[in-house]
Each structure stands twice: as C-alpha cells, then as structure tokens.
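Only one structure is covered here, and it is reproduced in the block below.
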Amino acid sequence: MHQQPRLIVNHRGRGQKVLTTLLEELGSCQFFEFAVAFITQGGVACIIETLSRLEARGARGRILTSQYLNFTQPHALETLMGFANIDVRMMVDEDFHSKGFLFGSSQGMRRLYVGSSNLTQNALTSNVELNVGLPDAGVDDPLIERYLSDFEEQWWRAAV
C-alpha cells in the first residue's frame, strides 16, 4: 500500500495539533534530528516529559537552531542541553530559518516533516501552521538523504 503525504496543522475545530504528531513520533523513534529556527521554553515544556522518556530508553537526538532575530530563548537551550542524549547546536553566522523534523527507527525507516512550525508552544498548539508529513522512507530515499546531507552540512558549520 502506497502511503500519501499528509498535512499536519493546528485546527481547534477538529482538535488537531502539530504537537500530537510530534509527541507520537518522539514516543516511538530511536533517533531524531530537528532543524528549527526558533526554540522557546514553552515549546520545550510541551515535549519535556517525552524527552525524559527518550533519555531513559537511550534514544538520541540532535537539534539545530539559530539566533535569527534573537528569538530563541537561552533557558530553553539550557534545558535541552541538560539531556545527556541530545546534542544542540546554533547557527550564528547565517539567517537560518529551517523547519524540519526527522525521526528514525532501528529498522532503518525514517519519517520527515517539513513546513512552518518552530519549537515554540504556539507553533505546536495554536498558530496556523502548515507542515507536510512524508510517508515512511528507507535509508536510501533521495529526499531523506538530501535532508540528512543538508542537515549534516549545517550541523558542522554551527556553534557548539
């Protein structure tokens, strides 16, 4: 059965939240890589319990963010860096405005969401956001490989 891309949005009338999808994916992944321009303490608070469970089961994560418009909150970064299983880096020399969420399993399957959501409480729960969730893809999927290649390139240019 061929899976179709799906739209991930916040919609009060239908009870939909971007956060629901994010928590589901984090709950079952073995690793994740987020590229988000903005991170706030409210956004981190939305996922902190799930991140604690990830740490307990040994799942790893990398988060790439920016100081673009000085919106990312230092305390949010400190909270994330307190997890032994999560590496955080910040783009400081570029206007980094990416929004991508990659989740991977131990079986080699990967799922990618790209769109407009940052790691902020409003973006995850109430703002009008448009994100596309791509179907499960294997290790050699060209789009996944391109995302990983770009992420890796930016990761090594970012400040630790």
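Before moving on, here are some points about what is shown:
- Long hydrophobic helices in the chain: the complete DSSP H runs spanning 18 Å or more by Cα along their own axis with mean Kyte-Doolittle hydropathy of at least -0.5 are 41-57.
- Within region 1-136, the proportion of C-alpha pairs whose separation exceeds 18 Å stands at 53%.
- DSSP beta bridges in the chain [antiparallel fraction, %, rounded to 5]: 60
- Evaluated at q = 0.18, 0.19, 0.21 Å⁻¹, a Debye calculation over the C-alpha positions of region 101-141 (equal weights, vacuum) places log10 I(q)/I(0) at -0.57, -0.61, -0.68.
- Spatially, region 133-156 and region 87-120 are offset by 10 Å when compared through their Cα centroids.
- Taking Cα centre as origin and charging only the Cβ of basic (Lys, Arg, +1) and acidic (Asp, Glu, -1) residues, the dipole magnitude of region 107-156 rounds to 220 debye.
- Taking Cα centre as origin and charging only the Cβ of basic (Lys, Arg, +1) and acidic (Asp, Glu, -1) residues, the dipole magnitude of the chain rounds to 540 debye.
- Normalising the average separation of contacting C-alpha pairs (under 8 angstrom, six or more residues apart) by the number of residues puts the relative contact order of the chain at 31 percent.
- Taking the average, over residues, of other Cβ atoms within 10 Å as the packing measure, peptides 80-92, 147-159 rank 80-92, 147-159 from highest down.
- Diffusion coefficient, µm² s⁻¹, Stokes-Einstein with Kirkwood Rh over alpha-carbon pairs of region 43-109 at 20 °C and 1.002 mPa s: 162
- In this structure region 4-160 gives 51 Å² per residue of accessible area when probed at 1.4 Å with all protein chains present.
- Geometric descriptor of region 29-69, per residue, is 65 Å³ (volume of the convex hull of the Cα atoms).
- Per residue convex hull volume, Cα atoms of region 58-159, in Å³: 118
- Descending semi-axes in whole angstrom, ellipsoid equivalent of region 75-115, from the Cα gyration tensor: 22, 18, 8
- The share of accessible area on region 1-128 that comes from carbon and sulfur is 50 percent, using a 1.4 angstrom probe.
- Equivalent ellipsoid dimensions for region 3-59 as semi-axes, Å, which come from the Cα gyration tensor, largest first: 21, 15, 12
The values are calculated or read from the model by the stated rules, or taken from the named source; none is laboratory data. These figures come from a predicted structure and were not determined experimentally. Cβ coordinates were reconstructed from backbone atoms using ideal geometry, including for glycine residues, and neighbour counts include every protein chain displayed. Quick note on the areas: whole protein, heavy atoms, side chains included, nothing else; ligands and nucleic acids left out. Shrake-Rupley method; radii C 1.70, N 1.55, O 1.52, S 1.80 Å.
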